[in-house]
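The values are calculated or read from the model by the stated rules, or taken from the named source; none is laboratory data. None of these values were measured; they are calculated from a predicted model. Here Cβ is always computed from backbone atoms with ideal geometry, including for glycine, and neighbour counts include all displayed protein chains. Remember, those area values only see protein heavy atoms, side chains included, never the ligands or the DNA or RNA. Shrake-Rupley method; radii C 1.70, N 1.55, O 1.52, S 1.80 Å.
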Amino acid sequence: MNSVFAIAGLVVKELQRRKDFYVLFVLTALLTVLLGSVSFFNAENIARYLKDICLLLIWVSSLVIAVTTTARQLPAERENRTIFPLLAKPVTRGQVIAGKFLGCWLACGIALLVFYLFFTVISASREHVWHLVPTLKAVWMHWMLLGVLVAMVLFGSVVFTAPSSNTTICFIVIVGILGIGRHLHRVALDQPEPVSTMLSVIYFLIPHVEWFYLPDFLVNDQNIAPWTDCLMASLYGVAYMAAFLIAAWMRFRRQMLSV
Amino acid sequence: MENVVQLKNLRVEYRGRGSQPAKLAVNNLSLAVHAGEVFGFLGPNGAGKTTTMNVLLGFVNATGGEARLFGVNVRDPIARQRIGYLPELTYYYKFLTAEEILRFYAKIFGLTQSESNKRIEALLKLVELTEAAKRPIKSYSKGMQQRVGLAQALINNPDLLILDEPTSGLDPLGRMKVRQLIQRLKNEGKTILFSSHELGEVETVCDRVAIVDKGELKVEGRVTDLVAQYQCDLEKIFLNVVGYQPESRS
Ligand SMILES: Nc1ncnc2c1ncn2[C@@H]1O[C@H](COP(=O)(O)OP(=O)(O)O)[C@@H](O)[C@H]1O
Ligand SMILES: [Mg+2]
């Protein structure tokens with residue numbers, strides 16, 4: 001366990017010392033403020049519009065942070081050859097995978113807290129009310145979603161050795177799931193066999209990350225998803241994380257590491 | 001007494017990729033390193049030295065034969081509890097300082113805070129990085145990076161050190177310091193296995209040597225015995241073994 005936490009700590013420290021996160025945060029903040037200061041609508045609509053923009057930017061930034069941070073972990077260890085002194089210690093490859101996952105997921109969590117804090121400040125400045133519980137639920141679900149993505153990207157990085165191809169493929173897969181994946185079962189109904197069955201199988205296999213996307217509730221002031229739904233979705237997410245991590249471990253376990 | 005390192009008929013074949021044919025990097029290699037000795041693992045570039053060490057550390061799987069550390073199969077992580085390893089050319093985490101890197105590795109060994117403080121201070125002094133300890137690694141020279149590598153290899157006070165070309169790329173002063181360090185560690189009773197193709201330094205610090213070429217063991221023995229047997233210095237033996245013919249008399 002020591003090793004897992006030590007490796008995770010290293011990932012968090014790296015994010016903290018690199019500039020990407022700060023750049024994304026400042027960009028998100030600037031864009032939100034900038035777009036918010038242009039008032040085309042009446043006072044009520046602008047609050048919604050502002051929140052919408054801010055959440056969209058948070059969504060995109062968190063995705064970028066999760067994917068880019070995770071995708072470079074193992075390839076950088078191999079390229080700089082630090083994987084060798086690391087694995088020469090009494091560390092198993094499973095611990096390396098677990099540590100990297102935990103580190104990236106925690107780093108995403110910290111980034112999310114910062115982003116949503118900013119969101120809360122922005123929306124409170126307009127509405128003078130605090131939606132504490134819905135926001136916390138949204139952060140939690142968002143974090144679960146990023147966990148699934150981090151595990152998926154980590155798996156990708158032991159399969160595709162070139163970090164850039166991994167990043168590209170992961171972005172395509174994520175956009176694919178969000179854009180097409182959730183409609184696949186309906187598309188499947190209109191297709192002839194065997195395409196129909198294939199599409200249905202794909203629909204049931206892909207992680208449905210869209211289920212974790214709660215910002216709509218934050219913007220529309222609706223009563224947010226019930227606790228039980230959040231719990232079920234979390235379990236669903238954890239199952240996917242476990243599946244991806246086990247796959248990554250199986251693949252990494254017997255891999256030859258020489259240059 | 002049990003051998004610290006034991007290789008029996010080790011064979012490593014790299015699978016070919018695409019048009020590249022498969023490559024036999026180590027062929028039927030048997031070796032033993034005894035406790036407390038400095039063992040020089042010699043051979044020209046591409047002889048299979050790094051590959052053999054990679055098998056010992058579990059990075060590469062042997063195609064055949066057996067490799068043991070302290071009597072434990074190298075695939076078992078326990079085998080790595082008592083060893084320190086200095087890899088060839090490593091670019092340590094650039095965003096950390098030397099002190100932070102050592103602290104990271106100390107955590108992996110589960111050292112307590114006070115143990116690791118003591119250990120890190122002593123190691124930084126040993127490799128002469130105390131002054132630079134709080135600077136990020138990216139500002140270090142090559143020699144300094146190599147010394148970070150030596151310090152991390154010693155963090156767990158290992159009984160066996162595996163050093164892959166510890167002096168390559170260093171200037172003469174740096175080389176001498178590494179030699180002195182090896183001597184000092186030997187005096188502390190550590191077993192050291194190091195690879196090299198610099199023969200002068202090997203002769204002065206090694207008890208025994210093995211010379212490999214094209215993955216095969218050519219010569220093995222005590223330095224003094226070999227010199228007596230072949231009636232020439234190590235360099236001549238080496239050149240002879242790897243098939244280098246001096247200019248023929250015409
Ligand atoms: N990953 C690899 N794939 C294919 N061949 C390799 C690989 N690594 C090393 N080799 C080959 O194996 C041989 C031994 O290499 P190596 O052990 O690095 O030699 P040394 O450390 O003695 O210079 C060389 O011919 C090298 O080209
Ligand atoms: Mg080598």
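Okay, helix-only estimate at 222 nm for the protein assembly as shown: each DSSP H run of n ≥ 4 adds -39500 (n - 2.57), divide by all residues, round to 500 deg cm²/dmol; what do you get?
Value at 222 nm, helices only, nearest 500: -18500 deg cm²/dmol.
Calculate, in nm to one decimal, what A:MET256 and A:GLU79 gain on full extension: separation in residues at 0.36 nm each, minus their alpha carbon distance.
Between A:MET256 and A:GLU79, full extension yields 62.3 nm more.
Name the most mobile residue of B:ARG75, B:ARG184, B:ARG17, meaning the one with the largest mean-square fluctuation, in a Gaussian network model of chain B with Cα contacts below 10 Å.
B:ARG17
Relative to the compact globular guide of 2.2 N^0.38 Å, what is the alpha carbon radius of gyration of the protein assembly as shown, as a ratio? Show your work: numbers first, answer last.
Numbers: Rg = 28.3 Å, N = 509, 2.2 N^0.38 = 23.5 Å.
In units of the globular-protein estimate, the protein assembly as shown measures up at 1.21.
Only Cα pairs under 8 Å and at least 6 apart count here; give the relative contact order of chain B as a rounded whole percent.
Reported as a whole number, the value is 26 percent.
Each residue of the stretch A:141-150 in turn: what ³J(HN,Hα) in whole Hz from Karplus with 6.51, -1.76, 1.60 and θ = phi - 60°, glycine and Pro shown as x?
Each residue of the stretch A:141-150 in turn: 5, 4, 5, 4, 4, 5, x, 4, 5, 4 Hz.
Measuring from label point to label point, each 7 Å out along Cα→Cβ, what is the A:ILE110 to B:LEU24 span in nm?
Using points 7 Å along Cα→Cβ, the separation is 5.2 nm.
Quick check on the stretch A:107-191: take the gyration tensor over C-alpha atoms, sort the square-rooted eigenvalues as a ≥ b ≥ c, and tell me if it's rounded (a/c under 1.5), prolate or oblate.
oblate
Return the single residue from B:GLN81, B:GLN145, B:GLN231 with maximal mean-square fluctuation; model: Gaussian network over chain B, springs between Cα atoms under 10 Å.
Comparing B:GLN81, B:GLN145, B:GLN231 in the GNM, the peak value goes to B:GLN231.
Of A:PHE155, B:THR191, A:PHE21, whose Cα points farthest to the positive end of the dipole of the protein assembly as shown (charges on the beta-carbon: +1 Lys, Arg; -1 Asp, Glu; origin at the Cα centre)?
Toward the positive end, the furthest listed residue is B:THR191.
Can you list the residues, at least 5 places off or on another chain, whose amide H is less than 5 Å from the amide H of B:GLU216, using H built in the peptide plane?
Result for B:GLU216 returns B:ASN27.
Chains B and A: what accessible area do they bury, summed, in square angstrom to the nearest 100, with a 1.4 Å probe?
Numbers: alone 13420 and 13920 Å², together 24550 Å².
By this definition, chains B and A bury close to 2800 Å².
Please tell me the relative contact order of chain A in percent, rounded to the nearest whole number, where contacts are Cα pairs under 8 Å and at least six residues apart.
Details: 254 pairs, mean separation 66.4, N = 259.
Taking the mean separation of contacting Cα pairs over the length of chain A, I get 26 percent.
What percent of all Cα-Cα pairs in chain B falls in each 5 Å bin, counting up from 0?
Histogram of Cα-Cα distances, whole percents per bin: 1, 6, 13, 16, 18, 16, 13, 9, 5, 2, 1, 0, 0, 0.
Among A:THR82, A:SER200, A:VAL187, whose Cα sits farthest toward the positive end of the charge dipole of chain A (+1 at Cβ of Lys/Arg, -1 at Cβ of Asp/Glu, about the Cα centre)?
Going by the charge dipole, the pick is A:THR82.
Just grab the label-to-label distance for A:LYS19 and A:MET198, each label 7 Å out from Cα along the Cβ direction, in nm (one decimal).
Placing both labels 7 Å beyond Cα along the Cβ direction yields 4.7 nm.
Could you give me the ³J(HN,Hα) list for the stretch B:108-124, computed from phi with Karplus coefficients 6.51, -1.76, 1.60 and θ = phi - 60°, whole Hz, x at Gly and Pro?
5, 7, x, 5, 6, 3, 6, 4, 5, 4, 5, 5, 5, 4, 5, 5, 4
Mind checking which of A:VAL114, A:VAL201, A:VAL238 has the largest fluctuation in a GNM of chain A, springs on alpha carbons under 10 Å?
So, out of A:VAL114, A:VAL201, A:VAL238, the one fluctuating most is A:VAL201.
How high is the relative contact order of the stretch B:67-205, in percent, with contacts defined as C-alpha pairs under 8 Å that are six or more residues apart?
Relative contact order comes out at 29 percent.
Nearest 0.05, what FRET efficiency do B:THR112 and A:VAL60 give at R0 = 51 Å with Cβ-Cβ as r?
According to the calculation, E is roughly 0.70.
How high is the FRET efficiency from B:LEU239 to B:SER141, r the C-beta distance, R0 35 Å, rounded to 0.05?
0.60
With just the Cα atoms defining each centre, how far is the stretch B:126-195 from the stretch B:1-58? Give it in Å.
Centre-to-centre distance over Cα atoms comes out at 22 Å.
Under the definition of partner shielding as Cβ atoms of other protein chains within 10 Å of a residue Cβ, what is the mean value for peptide A:78-87?
Mean shielding by partner chains, rounded to a whole number: 6.
Under the rule of at least 5 residues apart or a separate chain, name every residue whose amide H is placed under 5 Å from the amide H of B:LEU161.
Residues meeting the criterion, in which the H sits 1.01 Å from N, are B:GLY84, B:THR191, B:ILE192, B:LEU193.
I'd like the Karplus ³J(HN,Hα) series for the stretch B:166-179: coefficients 6.51, -1.76, 1.60, θ = phi - 60°, whole numbers in Hz, and an x wherever there's a Gly or Pro.
x, 10, 5, x, 9, 7, x, 5, x, 4, 5, 5, 5, 4
Give me a single rounded figure for B:52-58: the average over its residues of other chain Cβ atoms within 10 Å of their Cβ.
Mean inter-chain Cβ contacts per residue within 10 Å come to 3.
So if we plug the beta-carbon distance of B:THR224 and A:LEU30 into 1/(1 + (r/R0)^6) with R0 = 56 Å, what FRET efficiency do we get, rounded to 0.05? The partial results should precede the final answer.
On the way: r = 73 Å, r/R0 = 1.30.
About 0.15, to the nearest 0.05.
Roughly how crowded by other chains is peptide B:89-97, in terms of the mean Cβ count from those chains within 10 Å of each of its Cβ atoms?
Across the residues of B:89-97, the mean count of other-chain Cβ atoms within 10 Å is 5.
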